[in-house]
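K.L.:
First the structure, which I've put down as structure tokens, then a few questions once you've had a look.
The values are calculated or read from the model by the stated rules, or taken from the named source; none is laboratory data. A quick note: this is a predicted structure, and the numbers were derived from the prediction, not measured. Neighbour counts run over all protein chains shown; Cβ positions are idealised from the backbone, glycine included.
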Amino acid sequence: MPMLAASNVTNYLFDKVKGFGEKALVITDYGTMMAHCDFYMGHQKIGGEFIQGLGCLSGDAVVHTPNGLENIKDIRPGTEIFDGEGDIRIVSEHFEYDYKEDFIEISSFYGGKPIRITGNHMVLVARNIPESNVRKINHGHRFAGKEEVCWVQAKDIRKGDLVVMPKVKFELKNTQFVICDNIYKPKRRSGGVRDLARKIGVAPSAIYSYVVKKGSGKEARKKIEEYLEHVFVDLDEVLEATVVKEIPPVFEMNYDFGKIFGLWISDGWLVKGNSAKIGFCCKKSEDNGEILGFIRRVFNLEPYIYEQKNKDVRTFVVSHFGLACGFRKLFSDYQYTSGTKYIPKFLLETPEEFRLGLLHGLWSGDGSFKGKTTYTTVSQKLANGVFSLLISLGFHAGIKGINREEKRKSFRKTQFWTQYTVMSAPYFENITARNGYFFDGQYVYYRIRSIEKIKSDGKAYGFTVQDNNSYLAGGFVVRNPAAGCFVE
């Protein structure tokens, strides 16, 4: 079975029937990249052949999967992807072939990186209707509306058309977050365990272990016993004098809990090892009490607050071993640097209320509404996660990566790094004027900004999908072309 670029299929078939005379060639399209060609002489069938007609993308085109964005060249059979309706499907076959013709490069407003695609590849679009009212044109309106969504070959897409993106559907698996068993969390109070521990020179946990579990570290136990020989202290009264708070071992995945995660992912930290500390940071000059309020309301704990001298930084530290264990388990790939932050798939397979809180928490940290709605990070994995979060909520999204050079004096050496910016519609609103990025309940629409031909690097890639041969790539819904035609 020959494997051909779809633009070469017709020439191949003409050559195939040169000796047949003035006859007809009929092709039956199977709706994927496969087609069956039946050859006829008059009314008599004289043969048939399967042909693989390929229309594909450049190797750096990104495909949307439940686990984030992956380059199409790295997709393999069995990979889960999102189809053109936002549902999860399985890749059945993957293809790579030589391609010497030009790609069509399509970019959209707020769409991030352009997509490079073969001219025959099908793209889901809504044709624009040009504005004819002179008064509206004078006020900047170029389009009067849109036609129904339809499949169009990439080479036939026009500047100003609307490409569409479905609201992707993650499986709803997680409605609760379970942490370790409750543990004591003392609140600062005169006469409590903390004051006694400071006098003895041991950690408060050593006193708890000594009283409750009748055990402690050898050195700490020795210090406690030596202190008790010289100073009479009723340890039971000390424990009673300490306000003990417990937090529930199970949290409902609601808006507030989602926002706490968003705030932490943007500006939080953990300590290596088995530390019980979870940190949240913000600028002192911009602190509106939001972080403190959410910690108190969600965790029912009073954080310790630290401020750095000569720096516009305020840190809120929650000390709870169970919570820290829960965070460390959930973010198991986090390597204690901003470049390794990410959104676990667990947090995307949650109710929409939680995901909306997660989104707002993220933007409260590293997001911006100045000019454009953007989220900035040095973690590519986090940028991909924010993108997936946005499209799961029906919001427009795009990603751009910009190489930066760090020249601040606080850094010993000049550093080069990539800054990723995730873009969305202003304030996540449905904007229908001019650029036309909006959500109608089924699709997010955004307008084509430019179309041009780009030389191929010599390779093209594609794949087939079980049950539904469409998929999401680079912010577009694409479908493999049919290698079909009718020749007389």
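K.L.:
Go through Ser392, Ser388, Ser450, Ser456 for me and flag whichever is hydroxyl-bearing (Ser, Thr, Tyr), out of contact with any Phe, Trp or Tyr (no Cβ under 9 Å at 6 or more places or on another chain) and modelled with pLDDT of 85 or more.
P.N.:
Criteria check complete, one pass: Ser450.
K.L.:
While we're here: Enumerate the strands (runs of 3 or more DSSP E) found wholly within the range 141-207, keeping only those where 1 or more residues are closer than 30 Å to Glu352 by Cβ, modelled with pLDDT under 65 and not assigned by TED's automatic domain parsing to the domain that holds Ser319.
P.N.:
The strands (runs of 3 or more DSSP E) meeting that bar are 143-153.
K.L.:
Please list, ordered by first then second residue, the pairs with beta carbon atoms under 7 Å, 6 or more apart or interchain, first in the range 193-205 and within 16 Å of Lys277 (Cα to Cα), second among the small types (Gly, Ala, Ser).
P.N.:
Ala203/Ala197; Pro204/Ala197
K.L.:
Let me ask something else. Inside the range 208-219, can you point out the residues that are part of a helix (DSSP H, G or I), under 17 Å from Ala276 (Cβ atoms) and either in the same structural domain as His320 (by TED's automatic domain parsing) or at pLDDT 70 or above (or both)?
P.N.:
Tyr208, Ser209, listed by residue number.
This table checks each residue for (1) in contact with a Lys or Arg (Cβ under 9 Å, 6 or more places away or on another chain); (2) of a type outside the set (Ser, Thr, Tyr); (3) in the same structural domain as Asp256 (by TED's automatic domain parsing); (4) over 29 Å from Lys173 (Cβ atoms).
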residue: Glu286; (1), (2), (3), (4): no, yes, yes, yes
residue: Asp312; (1), (2), (3), (4): yes, yes, yes, yes
residue: Val317; (1), (2), (3), (4): yes, yes, yes, yes
residue: Gly326; (1), (2), (3), (4): no, yes, yes, no
residue: Asp333; (1), (2), (3), (4): yes, yes, yes, no
residue: Tyr342; (1), (2), (3), (4): yes, no, yes, no
residue: Glu349; (1), (2), (3), (4): yes, yes, yes, no
residue: Thr376; (1), (2), (3), (4): no, no, yes, yes
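K.L.:
Let me ask another. How many of the residues in the range 256-308 are among the aromatic types (Phe, Trp, Tyr) and surrounded by fewer than 17 Cβ atoms within 10 Å (Cβ to Cβ)?
P.N.:
2
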